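The values are calculated or read from the model by the stated rules, or taken from the named source; none is laboratory data. Please read these numbers as outputs of a predicted model, since none were measured by experiment. Cβ: placed from backbone, ideal geometry, glycine included. Neighbour counts: every protein chain shown. Accessible surface areas use protein heavy atoms only, side chains included; no ligands, DNA or RNA. Shrake-Rupley method; radii C 1.70, N 1.55, O 1.52, S 1.80 Å.
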Amino acid sequence: MKYDKNNIFAKILRKEISCKKIFENEHVLSFYDINPQKKIHALVIPKGEYINLDDFNHKASDQEIVALNKAITIVAGLLNISINKGKGYRALTNLGEYGGQEVPHLHFHLFGGENVGKMVE
Ligand code: AMP
């Protein structure tokens, strides 16, 4: 599968579409989900062109992989939902059709600010 440069997150990265930014560094961008499913719903995405987590782990550099992982914890801290600052949260990524992925650019969802319930409902 080829990366679709016209996906919505690619447009956000190119600043063709705005987002409510939470955090950014060389490798990562984080912003609020436009349609929050929980009290706090943030997204963390790599800046590189990766379709999903498997694509990322196959192709990304170690630096990018570390940066994305660390960004999840950084963003949770900024949002006060981490174990240290809050009461915890859920980080998840959907992969492909059966995984329920809608936007074909790797993204982690961070859900928190309330008890987010069972993992699969
Ligand atoms: P997924 O189903 O895992 O691919 O999730 C895609 C997520 O992207 C959904 O939660 C959408 O609400 C979110 N989304 C779509 N467009 C935007 C946008 N322009 N800004 C922020 N979040 C978006």
When you scan region 94-115, how many residues do you find that are over 15 Å from Y32 (Cβ atoms) and surrounded by fewer than 19 Cβ atoms within 10 Å (Cβ to Cβ)? 11
In this structure, does A67 turn out to be more than 16 Å from the ligand (Cβ to nearest atom) and either among the hydroxyl-bearing types (S, T, Y) or out of contact with any helix residue (DSSP H, G or I) (no Cβ under 6 Å at 6 or more places or on another chain) (or both)? yes
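This table checks each residue for (1) over 24 Å from M119 (Cα atoms); (2) of a type in the set (G, A, S); (3) at pLDDT 95 or above; (4) not in a helix (DSSP H, G or I).
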position	(1), (2), (3), (4)
K11	yes, no, yes, no
E16	yes, no, yes, yes
G48	yes, yes, yes, yes
H58	yes, no, yes, no
T73	no, no, yes, no
S82	no, yes, yes, yes
G100	no, yes, yes, yes
Report the residue count in region 72-92 for those that are more than 19 Å from P36 (Cβ to Cβ) and among the hydrophobic types (A, V, I, L, M, F, W, C). 2
Could you tell me which numbered condition N80 fails, if it satisfies all but one of (1) within 13 Å of the ligand (Cβ to nearest atom); (2) within 16 Å of H109 (Cα to Cα)? (1)
Filter region 1-58 for residues that are within 11 Å of the ligand (Cβ to nearest atom) and open to solvent by 90 Å² or more (accessible area, probe 1.4 Å) and give the result. E16, S18, K20, K21, I34, N35, Q37
Considering only residues that are more than 14 Å from the chain's Cα centre (by Cα), in contact (Cβ under 8 Å) with a residue 40 or more places away in the chain and over 22 Å from I74 (Cβ atoms), which ones fall in region 1-37? M1, Y3, D4, K5, N7
